[in-house]
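A short write-up of the structure that comes next.
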Amino acid sequence: MVLGKLKRRLREQANKGDLSLSQMAVLGYLDREGPSTVTTLARAEGVRPQSMGATVAALEEAGLVSGTPHPADGRQIMLSLTAAAREWIKASRAAREDWLSRAIRAHLSPTEQEELAKAAALLRRIVD
């Protein structure tokens with residue numbers, strides 16, 4: 001429960017602009033996984049390809065995603081991040097990291113900060 005609340009607080013710090021949660025999820029997926037098709041994105045996000053098509057179209061219109069023909073199947077389009085999207089992601093991460101760093105320093109003693117670092121390492125072991 002507390003991790004969910006932290007995630008929401010970090011999301012609030014992101015430089016969202018006019019992006020929906022679905023659009024941010026697509027940008028995050030493309031950043032982590034690399035170029036992808038609409039079908040693969042839809043499957044990853046648990047939505048219909050038609051719905052994902054609308055999300056992708058809005059991102060293309062905003063200049064955050066571009067498409068090129070699939071190398072093996074020219075009927076499909078491989079979507080990838082544009083330079084503007086990479087810059088948006090970088091700025092968004094920096095804003096979240098800055099907020100978290102300031103919050104940790106403001107609310108935790110040096111000893112508690114060390115404990116938090118150890119707990120983060122343990123959580124990393126669980127998820128990796």
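The values are calculated or read from the model by the stated rules, or taken from the named source; none is laboratory data. Note that the structure is predicted; figures quoted are calculated from it, not measured. As a convention, Cβ positions derive from the backbone with ideal geometry for all residues, glycine included, and neighbour counts pool all protein chains shown.
Annotations for the structure displayed:
- First in the stretch 24-45 and under 11 Å from A85 (Cα atoms) and in a helix (DSSP H, G or I), second anywhere and modelled with pLDDT under 95 and aromatic (F, W, Y), Cβ under 8 Å, 6 or more apart: L27/W88
- Matching residues, the stretch 55-81, being part of a helix (DSSP H, G or I) and surrounded by 13 or more Cβ atoms within 10 Å (Cβ to Cβ): T55, V56, A58, L59, E60
- Among the candidates S92, S66, residue that is closer than 23 Å to K7 by Cα and polar (S, T, N, Q): S92
- Exactly one residue out of S51, S92 is over 17 Å from the mean Cα position of the chain (by Cα) and surrounded by 13 or more Cβ atoms within 10 Å (Cβ to Cβ): that is S51.
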